[in-house]
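Notes follow the structure.
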Amino acid sequence: MTDILVLAILIDIVFGELPNKIHPVAIIGKLISIYENIFYNLKNKFLGGFLLFISTHFTILFVIFLLLKIIKSNYLLFALKVFLVYSSISVKGMIDHAMKIYQALSININLAKENLKLIVSRDVEAMNEQDIIKSTIESVAENFNDSFFAPIFYGAIFGIYGIIFYRITNTLDAMVGYKNEKYIEFGKFSAKSDDILNFIPARLQTAVLLPVAQILFRNGLNALKIYKKFRNSLPSPNAGCGISLFAGALNITLGGNTYYFRRLVDKPLIEGGSDLLTKQKILDAIFLYLYSAIFTVLLIIIFKLLWSPNVPFTL
């Protein structure tokens with residue numbers, strides 16, 4: 001599995017995501033929408049959300065199980081596994097989104113808001129430049145775990161089924177895991193499941209982010225201090241981990257009150273430092289994301305060589 005993880009990560013870093021029309025996560029999203037239309041009609045919304053969770057996982061995992069059993073060629077099997085991992089993570093895709101926002105800030109703030117809307121669920125209409133910068137960095141920080149580290153973590157432990165199970169759960173949370181009138185009960189099981197799955201990797205990501213923060217910005221110790229102080233400060237049990245690490249690494253203040261679906265959500269400030277929220281901080285967050293992903297690849301290779309030095313890579 002080590003060689004599959006490494007190759008998939010490198011492909012993603014170099015080539016980025018597939019077009020949305022053919023992206024497996026988009027296909028998962030369409031399946032979720034189909035099941036949502038069926039199960040949301042149940043009177044017991046929590047039960048409906050539970051059935052949505054079970055049905056989505058069973059359908060996708062069963063299809064993958066059949067594919068892995070049907071394919072006899074070792075080369076095709078290897079290619080399929082690499083593709084499944086590659087389509088379950090996002091390094092270059094996240095970086096590209098953040099770069100578009102960074103570039104748009106020099107052209108038109110409304111264009112920056114439109115680009116920001118693609119990666120956040122918060123209201124962007126009334127945001128000023130600093131709000132946009134802060135929201136972009138927070139999205140990058142949260143996505144390092146959600147879109148990269150956590151799926152790799154579960155892939156390393158449970159193989160292909162682990163990474164796919166995580167990606168389905170995370171996609172469900174992104175689509176129905178909201179605390180609004182429509183989804184407060186229906187999306188509860190998916191949201192709680194996502195919280196549980198992210199609990200360990202959200203904290204374990206410190207193993208890669210802290211060394212890279214020290215190498216890039218000489219702020220590893222500050223990132224650790226801010227992480228210890230603020231990791232449990234946000235309403236989400238896991239979001240505070242990544243955001244506090246990035247705040248400390250970049251020596252900036254993140255968090256604060258934010259509007260979601262026209263409702264003000266009270267969030268504490270994560271005071272990582274006194275630097276101003278300039279556009280450069282978006283680039284710094286991108287570098288921290290990218291080099292932490294590369295460092296993760298190096299760690300995977302090192303563990304492979306230490307644990308199984310006599311087993312060659314299957315490439």
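For segment 208-315, applying the loop criterion from DSSP together with a ceiling of 14 other beta carbons within 10 Å to the trypsin sites (Lys or Arg not before Pro) yields ARG218, ARG262.
Taking the alpha carbon gyration tensor of segment 87-139, multiplying each eigenvalue by 5 and rooting it gives semi-axes of 19, 12, 9 Å, largest first. Cα-based values for segment 56-145, radius of gyration first and Dmax second, are 18.8, 56 Å.
The Cα trace of segment 13-57 gives Rg and Dmax of 13.9, 47 Å, the first to one decimal, the second as a whole number.
Is segment 18-110 rounded, prolate or oblate when judged by the Cα gyration tensor, a ≥ b ≥ c being the square roots of its eigenvalues, rounded requiring a/c under 1.5 and prolate requiring a/b larger than b/c? The shape class here is oblate.
Modelled label positions at ALA207 and LEU76, each set 7 Å beyond Cα in the direction of Cβ, lie 3.6 nm from each other.
What relative contact order, as a whole-number percentage, does segment 172-249 give when Cα pairs under 8 Å and 6 or more residues apart are counted?
Once divided by the residue count of segment 172-249, the mean separation gives 25 percent.
How many Å² of accessible area per residue for the chain, probe 1.4 Å? Before the final figure, lay out each step's value.
Details: 15670 Å² over 315 residues.
On a per-residue basis, 50 Å².
Using a simple spin-label model with pseudo-atoms 7 Å out from Cα toward Cβ, LYS179 and LYS30 lie 3.4 nm apart.
Taking the dipole about the Cα centre of the chain, with the C-beta of Lys and Arg at +1 and of Asp and Glu at -1, give me whichever of ALA285, LEU76, ASN238 is farthest to the positive side. Ranked along the dipole, the leading option is LEU76.
P(r) tail, segment 65-207: Cα-Cα pairs separated by more than 19 Å, 61% of all pairs. Rolled with a 1.4 Å probe across the full set of protein chains, the surface gives LEU221 an accessible area near 140 Å². In this label model, HIS57 and LEU276 are separated by 4.9 nm, measuring between points 7 Å along each Cα→Cβ vector. Rg/Rh for the chain (Cα atoms only, Rh after Kirkwood) is 0.97.
Rg and Dmax of segment 174-296, based on Cα coordinates, read 15.4, 45 Å. When both segment 243-303 and segment 21-56 are represented by their alpha-carbon centers, they are found 31 Å apart. Using equal-weight Cα scatterers in the Debye expression, the normalised intensity of segment 161-236 in log10 at q = 0.23 Å⁻¹ is -0.99. A simple charge model with +1 on the Cβ of Lys and Arg, -1 on the Cβ of Asp and Glu and nothing else charged puts the dipole of the chain at about 440 debye relative to its Cα centre. Averaging the sequence gap over all C-alpha pairs within less than 8 Å and six or more residues apart, then dividing by the number of residues, gives segment 199-295 a relative contact order of 26 percent. Counted by Cβ distance under 11 Å from PRO237, the other residues give a net charge of +1, where Lys and Arg count +1 and Asp and Glu count -1.
With a Förster radius of 30 Å applied to the beta-carbon distance between ASN128 and SER233, the computed FRET efficiency rounds to 0.80. The relative contact order of the chain, computed from alpha carbon pairs under 8 Å that lie at least 6 residues apart in sequence, is 20 percent.
For the chain, the longest piece that avoids every one of the GluC sites (Glu not before Pro) found in DSSP loops with at most 16 other C-beta atoms within 10 Å covers 186-315. When the listed pairs LYS179/LYS267; LYS43/LYS182; LYS43/LYS188; LYS45/LYS192; LYS113/LYS192; LYS134/LYS281 are checked against a 18 Å cut-off, the alpha-carbon distance exceeds it for LYS113/LYS192. The coefficient of translational diffusion for segment 240-311, derived via Stokes-Einstein from the alpha carbon Kirkwood radius under 25 °C and 0.890 mPa s, stands at 167 µm²/s.
The values are calculated or read from the model by the stated rules, or taken from the named source; none is laboratory data. In this text the structure is predicted, and so the values were computed from the model without any measurement. Quick reminder, even Gly has a Cβ in these numbers, built from the backbone with ideal geometry, and neighbours come from all protein chains shown. With ligands, DNA and RNA removed, areas are computed over all heavy atoms of the protein, side chains included. Shrake-Rupley method; radii C 1.70, N 1.55, O 1.52, S 1.80 Å.
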